[in-house]
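Take a look at the structure below.
The values are calculated or read from the model by the stated rules, or taken from the named source; none is laboratory data. Quick caveat, the model's predicted, so the values are computed rather than measured. As a convention, Cβ positions derive from the backbone with ideal geometry for all residues, glycine included, and neighbour counts pool all protein chains shown.
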Amino acid sequence: MKVVAVYSTKGGAGKTSAALNLAWEASKSGRVLLWDLDAQGASTYLTGVKPKLKGGVAKLLTGSNGISEVARKADLPSVDGHHRIDVVPADDSYRELEVRLDAAKGSRRRLQKVLKDAAGSYDTVILDCPPGASLVAENAVRSADVIVTPVPPAALSLRSLEQVRELVADSAKPAPILAFLSMVDRRKLTHRRAAEELPAEHSEIVDVIVPASVVVERMGDERAPVATFAPRHHVAQAYADLWRLVAQHA
Ligand SMILES: Nc1ncnc2c1ncn2[C@@H]1O[C@H](COP(=O)(O)OP(=O)(O)O)[C@@H](O)[C@H]1O
Ligand SMILES: [Mg+2]
């Protein structure tokens, strides 16, 4: 079982969009668990799952509930050749997630412990992380075999990438970071320049670019990954390419 943390300290960077599209790509080759770790519940919403975590997050973290008891089947279009995607939904109990983690024994490895329970049931776990450098993020980073970080072409995003690097470096066994340029608008000179220069300047930034496109925004209306409603769109292709790189790393 490979664990992929989609993470940046920056909000609105394209994490959730990437998490769902990567989950979709991963479901071509095996069983996928998408864990919505953000109290905002965006990936819970996008997968059509009820925002209700059975027993609350406390029971999951203490081990009195297992992943198998709280995971729900994503309500996504069924397409031949895809395995099912299960979701651990975010709900109101996430308000206490940080505090509960902090109080737990081995507070930095709690998630890793919880995920052990899923090893026989899933081939890939995608963690849709909240922004910021919280204990949740530390846990996610520690559990991950690879960290995927969207980087919108702006100075602040590079600062966020630096923060991700620092957090990952602090981890006991640092996972590789795979960063990609996200929301790139080729009509903007600064974006074109970023697309040309940043991959050469930062070793983590891969060649795959996810362009700024309304098809990504449409995911909110369709409540589905791009490949299900616009399979030929270059954004769908970009996420497929990104998954191929992630799969090589993990
Ligand atoms: N490539 C893109 N093109 C256009 N809009 C995007 C793109 N990626 C994300 N968005 C939009 O930006 C917002 C934030 O994206 P999201 O994936 O939720 O980011 P995060 O999880 O990092 O907060 C959402 O409304 C989403 O639809
Ligand atoms: Mg998000």
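Looking across the range 119-129, the residues that are more than 16 Å from ligand 1 (Cβ to nearest atom) and either buried (at least 23 other Cβ atoms within 10 Å of the Cβ) or under 17 Å from the mean Cα position of the chain (by Cα) (or both) come down to Tyr122, Asp123, Thr124, Val125. Does Val79 qualify as being under 17 Å from Leu34 (Cα atoms) and of a type in the set (Val, Ile, Thr)? When the stated conditions are applied, Val79 does not pass them. Against the numbered list (1) closer than 30 Å to His191 by Cβ; (2) free of Cβ contacts under 8 Å to residues at least 24 places away in the same chain, Ala140 comes up short only at (2). Ser121 meets each of the listed conditions (1) hydroxyl-bearing (Ser, Thr, Tyr); (2) assigned to a loop (DSSP other than H, G, I, E, B); (3) over 24 Å from Thr44 (Cβ atoms) apart from (3). Restricting attention to the range 8-27, the residues that are touching a strand residue (DSSP E or B) at 6+ places or on another chain (Cβ under 6 Å), within 10 Å of ligand 2 (Cβ to nearest atom) and not hydrophobic (A, V, I, L, M, F, W, C) add up to 4. If you go through the range 154-169 and keep only what is within 14 Å of ligand 1 (Cβ to nearest atom) and surrounded by 19 or more Cβ atoms within 10 Å (Cβ to Cβ), you end up with Ser157, Ser160, Leu161, Val164. Taken together, Val114, Val141, Val151, Val87 contain a single residue that is buried (at least 19 other Cβ atoms within 10 Å of the Cβ), at pLDDT 95 or above, more than 21 Å from Thr16 (Cα to Cα) and not basic (Lys, Arg), which is Val114.
Sub-9 Å Cβ pairs linking a first residue in the range 181-197 that is free of Cβ contacts under 8 Å to residues at least 40 places away in the same chain and within 15 Å of Leu242 (Cβ to Cβ) to a second residue that is assigned to a loop (DSSP other than H, G, I, E, B) and of a type in the set (Gly, Ala, Ser), at least 6 apart or interchain, are Val184/Ala212, ordered by first then second residue.
Residue by residue, here is whether (1) surrounded by 16 or more Cβ atoms within 10 Å (Cβ to Cβ); (2) within 16 Å of ligand 2 (Cβ to nearest atom); (3) within 17 Å of the chain's Cα centre (by Cα) holds:
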residue: Asp185; (1), (2), (3): no, no, no
residue: Lys188; (1), (2), (3): no, no, no
residue: Arg192; (1), (2), (3): no, no, no
residue: Ala200; (1), (2), (3): no, no, no
residue: Val206; (1), (2), (3): yes, no, yes
residue: Pro211; (1), (2), (3): yes, no, no
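Annotation note: Cβ proximity below 8 Å between a residue of the range 100-118 that is free of Cβ contacts under 8 Å to residues at least 12 places away in the same chain and a residue that is surrounded by 15 or more Cβ atoms within 10 Å (Cβ to Cβ) (sequence gap 6+ or interchain) occurs for Gly106/Lys113. Of the helices (runs of 4 or more DSSP H) that lie entirely inside the range 8-73, those containing 2 or more residues that are small (Gly, Ala, Ser) and within 16 Å of ligand 1 (Cβ to nearest atom) span 15-26, 42-46.
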